[in-house]
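To keep things clear, I will list the structure first and then write my remarks on it.
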Amino acid sequence: MYKGDFYDHKVAKAIPVTVQIFTESLLLDHAREGMPAKKLQWLFTEITVQVSDRNFIRITSTGDDAGTLEVHDPVFVETFLQIYRHTRGASLHELALRGGYKVGLISLIIVIGILLAGHFFILPWCADRIVDQLPRSFDKKIGETARQSMLEEIDTAGSQLLTKFAAEMKWDTPDSLVFTVVPSNIENAYALPGGYVMVYTGLLEKLKTKEELAALLSHEVAHVAHRHSVRKLCRDMSTTMLLSVVLSNVGDATSILYANASSIYSLTYSRKYEEQADITGLKTMRSNHLDQQGMLRLMQELKKLDQKIKVPEFISTHPLTDNRIRYVQQDIKAHPASAESNEKMDALFKQLQQRYHK
Amino acid sequence: MEQQYSPSGTVTSRPVLTFHGDGGTYFGILFLNGLLTMITLGLYYPWAKAKKLQYLYSSTEMEGSRFAWSGTGKEMFKGFLKAMGIFLALIIAVQVLAYFKLPLIGGLLYLAFLLLVVPVAIHGASRYHWSRTSWRGIRFGYRGDRNEFVKLFIKEMFLTLITIGIYSSWAAINIRNYLLGNIRFGSGEFRYQGNGTDYFFINLKGYFLSVLTLGIYSFWWQAEIFSYYIDNLRLVQGEKTFRLRSTATGSNFAGLLIVNALIFIFTLGIGYAWIQTRTVQFLLSHVEIEGDVDLSELAQTEEEYRNATGEDMADMLDLSII
């Protein structure tokens with residue numbers, strides 16, 4: 001027996017009733033002074049139920065004795081719903097109403113889990129499959145566009161020498177390669193998708209042997225062969241798409257936060273890519289019968305540059321040089337190969353050296 | 001409920017409005033709604049809205065009984081389809097006219113539609129919304145006449161337009177008088193007696209003092225507007241009347257709004273559910289009702305109205321009426 005209020009839909013008068021729960025129905029009983037008690041039987045098939053929270057429930061009958069019953073009693077709410085749900089099934093919404101913030105919190109955690117899985121595993125995998133489907137000509141177009149927009153000065157004579165030097169090597173990539181020397185103090189080199197390899201004179205003048213230069217080119221060409229830039233582009237784009245779907249109505253603050261977090265994370269993509277380029281570069285060196293130690297010396301050269309600016313590994317794009325030296329050494333040990341001399345490359349490297357060494 | 005006998009022999013009572021909703025549960029509802037709406041690409045929206053309103057209404061109590069919202073997702077979804085149909089028909093008509101090189105007529109049709117659709121949407125939304133609101137099984141209702149309201153609305157908009165907005169205070173109050181004055185609470189009738197001139201001066205004073213005090217006065221301005229809305233509202237049943245009065249002061253509003261802003265900023269918007277429940281709680285607890293109406297004598301007079309087209313049109317136009 002539970003106590004509740006009954007409303008007859010005719011006047012706004014609260015009529016106190018006692019309620020009994022049966023397996024298929026409710027029995028409402030209201031005692032009237034000096035008269036026999038009036039009983040109402042509501043079948044579960046003729047009622048609609050509104051749960052407000054765990055303490056309050058409203059049951060409306062659409063049958064012959066139309067009316068509304070309201071009960072403020074957590075025990076009633078629970079008992080009634082257990083029996084009623086048996087015939088109706090529970091809903092997620094009801095769970096949210098009765099579980100309060102806990103349900104919200106748990107579903108929030110589940111959704112965040114799905115999003116994280118999506119970001120770290122599913123989307124990168126999908127992006128990679130998409131890149132595999134894209135024709136190589138796509139890389140070329142992107143590379144061309146990027147090159148035109150960067151407007152770098154070109155050292156034509158130096159570029160010719162570098163192209164001749166590279167032509168002495170066999171490259172394991174379907175892309176047609178274009179080698180360019182850019183006059184600048186920056187000690188760096190980079191590769192654009194589609195096979196555009198750019199080397200700054202600042203780095204060129206630091207190199208002491210032809211093997212170092214060959215290692216540098218092998219590393220950059222490996223980026224092109226593995227289509228790293230296009231892969232990164234696709235991953236970033238898929239992340240942005242996922243985000244705009246999810247956060248479209250959460251507010252700008254969150255998405256800005258996320259965009260920054262994402263850029264830090266995409267640096268580690270780059271580090272993985274760098275390692276892959278180093279290892280593939282070594283393979284290219286071996287197949288060209290060049291001394292693999294050239295890669296090591298290149299790393300040591302880079303280490304000297306690194307020491308000028310200390311960057312913690314956490315935000316650095318390249319794996320820290322010590323780290324790189326370690327796995328390069330391991331790879332050389334694992335794949336010993338003989339080196340042959342190549343006079344033509346020696347000569348070309350000398351010409352380059354004369355041109356840039358001060 | 002406090003009761004006392006006034007000298008004339010009638011019973012004076014002071015029913016109290018309380019809000020039982022808590023931010024946590026409300027957050028759960030909003031979150032689930034958002035999730036399902038996202039998964040269904042927006043189709044869940046009418047059901048989400050029904051669940052939200054059900055919770056907010058059922059958490060509001062007067063004299064020991066809670067309000068009820070009986071609108072359903074299905075009704076609102078049908079309304080949504082009809083409203084979509086109307087908008088689509090308009091777009092097609094404008095396109096066809098443009099195709100036949102009659103873009104001017106298309107443009108005029110578009111303007112006429114916009115001028116008509118807003119009052120029609122407000123009217124439909126009021127009818128649906130109030131009909132689906134009840135207390136102790138007694139339905140509210142809106143008795144306004146559509147044509148009359150459209151005429152009033154167009155007239156007020158026209159006057160606002162030709163006075164470059166100065167008339168807007170009078171327009172707002174005239175429209176409010178009409179909308180609120182036609183609300184029924186069973187056999188009880190709401191009356192709103194606002195006056196455009198008073199409202200104009202409240203806004204004029206509020207505006208200048210807010211500028212002079214670098215915005216600080218805006219809380220007091222807000223409190224004055226709120227009390228102007230509440231104090232002019234009455235519920236009349238036969239000879240009996242309930243008067244409403246706001247007890248919220250500017251400093252109360254400052255407390256509410258500043259804390260709301262802080263919650264919003266520090267939770268990156270996730271605290272929105274708590275902001276809403278706090279606000280509803282604040283508003284309801286600052287309304288004082290006093291008079292001799294016997295609530296238990298309110299009788300069922302309003303019919304059910306299940307057409308939610310106006311409600312959905314109002315949503316699409318982003319009008320917030322209630």
Cβ pairs under 9 Å, 6+ apart, first in region B:64-89 and away from every other protein chain (no Cβ under 11 Å) and of a type in the set (K, R), second surrounded by fewer than 21 Cβ atoms within 10 Å (Cβ to Cβ) and assigned to a helix (DSSP H, G or I): B:K74/B:W47
Qualifying position, being in a loop (DSSP other than H, G, I, E, B) and either modelled with pLDDT of 85 or more or of a type in the set (K, R) (or both), among A:K13, A:K3: A:K13
Counted residues, region A:47-69 - those being more than 12 Å from A:F80 (Cβ to Cβ) and more than 10 Å from chain B (Cβ to nearest Cβ): 5
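Suppose we filter B:E224, B:E239, B:E189 for residues that are more than 25 Å from B:W170 (Cβ to Cβ) and of a type in the set (D, E); which single one remains?
On inspection, the qualifying residue turns out to be B:E239.
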Number of the exception - B:A248 against (1) in contact with a Phe, Trp or Tyr (Cβ under 8 Å, 6 or more places away or on another chain); (2) assigned to a helix (DSSP H, G or I); (3) aliphatic (A, V, I, L, M): (2)
Of the criteria (1) more than 14 Å from chain B (Cβ to nearest Cβ); (2) modelled with pLDDT under 85, which one A:L26 fails: (2)
Matching residues in region A:171-188 - criterion: being closer than 22 Å to A:K344 by Cβ and open to solvent by 10 Å² or more (accessible area, probe 1.4 Å): A:W171, A:D172, A:T173, A:S176, A:L177, A:V178, A:F179
Pair list, Cβ < 6 Å and 6+ apart or interchain, from region B:275-299 residues that are assigned to a helix (DSSP H, G or I) and modelled with pLDDT under 90 to residues that are surrounded by 20 or more Cβ atoms within 10 Å (Cβ to Cβ) and not basic (K, R): B:L295/A:A12; B:S296/A:A12
Selected residue (only one of B:L233, B:L295, B:L284 is more than 13 Å from chain A (Cβ to nearest Cβ), open to solvent by less than 30 Å² (accessible area, probe 1.4 Å) and within 14 Å of B:L17 (Cβ to Cβ)): B:L233
Subset of region B:35-49 (residues that are among the aliphatic types (A, V, I, L, M) and more than 21 Å from A:I110 (Cβ to Cβ)): B:L43
Residue list for region A:70-107, restricted to those being within 14 Å of chain B (Cβ to nearest Cβ), assigned to a loop (DSSP other than H, G, I, E, B) and at pLDDT below 70: A:A90, A:S91, A:G100
Among (1) open to solvent by 10 Å² or more (accessible area, probe 1.4 Å); (2) touching a residue at least 24 places away in the same chain (Cβ under 8 Å), the one test that B:G165 misses: (2)
Tally, over region B:10-42, of residues that are under 24 Å from the mean Cα position of the chain (by Cα) and open to solvent by 20 Å² or more (accessible area, probe 1.4 Å): 12
Evaluation of B:V118 against (1) at pLDDT below 90; (2) within 14 Å of another protein chain (Cβ to nearest Cβ) (one fails), failing number: (2)
Test: residue in region B:253-264 that is open to solvent by 50 Å² or more (accessible area, probe 1.4 Å), in a loop (DSSP other than H, G, I, E, B) and not hydroxyl-bearing (S, T, Y): no
Which numbered condition B:S187 misses (of (1) open to solvent by 20 Å² or more (accessible area, probe 1.4 Å); (2) away from chain A (no Cβ under 14 Å); (3) not basic (K, R)): (2)
Boolean, A:S244 is open to solvent by 20 Å² or more (accessible area, probe 1.4 Å), polar (S, T, N, Q), under 26 Å from A:D175 (Cβ atoms) and at pLDDT 65 or above: no
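Residue-by-condition table, conditions (1) within 14 Å of chain B (Cβ to nearest Cβ); (2) at pLDDT 70 or above; (3) open to solvent by less than 50 Å² (accessible area, probe 1.4 Å); (4) over 19 Å from A:A189 (Cα atoms):
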site	(1), (2), (3), (4)
A:E220	no, yes, yes, no
A:H228	no, yes, yes, no
A:S248	yes, no, no, yes
A:D252	yes, no, no, yes
A:I256	yes, no, no, yes
A:E274	no, yes, yes, no
A:N288	no, yes, yes, yes
Qualifying positions in region B:123-145 - open to solvent by less than 20 Å² (accessible area, probe 1.4 Å) and of a type in the set (A, V, I, L, M, F, W, C): B:A125, B:W135, B:I138, B:F140
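The values are calculated or read from the model by the stated rules, or taken from the named source; none is laboratory data. Treat the numbers as computed from the prediction; the structure is a model and nothing was measured. Ideal geometry is used to build each Cβ from the backbone, glycine not excepted, and the neighbour counts take in all protein chains shown. What goes into the accessible areas is simple: the full protein's heavy atoms, side chains included, and nothing from ligands, DNA or RNA. Shrake-Rupley method; radii C 1.70, N 1.55, O 1.52, S 1.80 Å.
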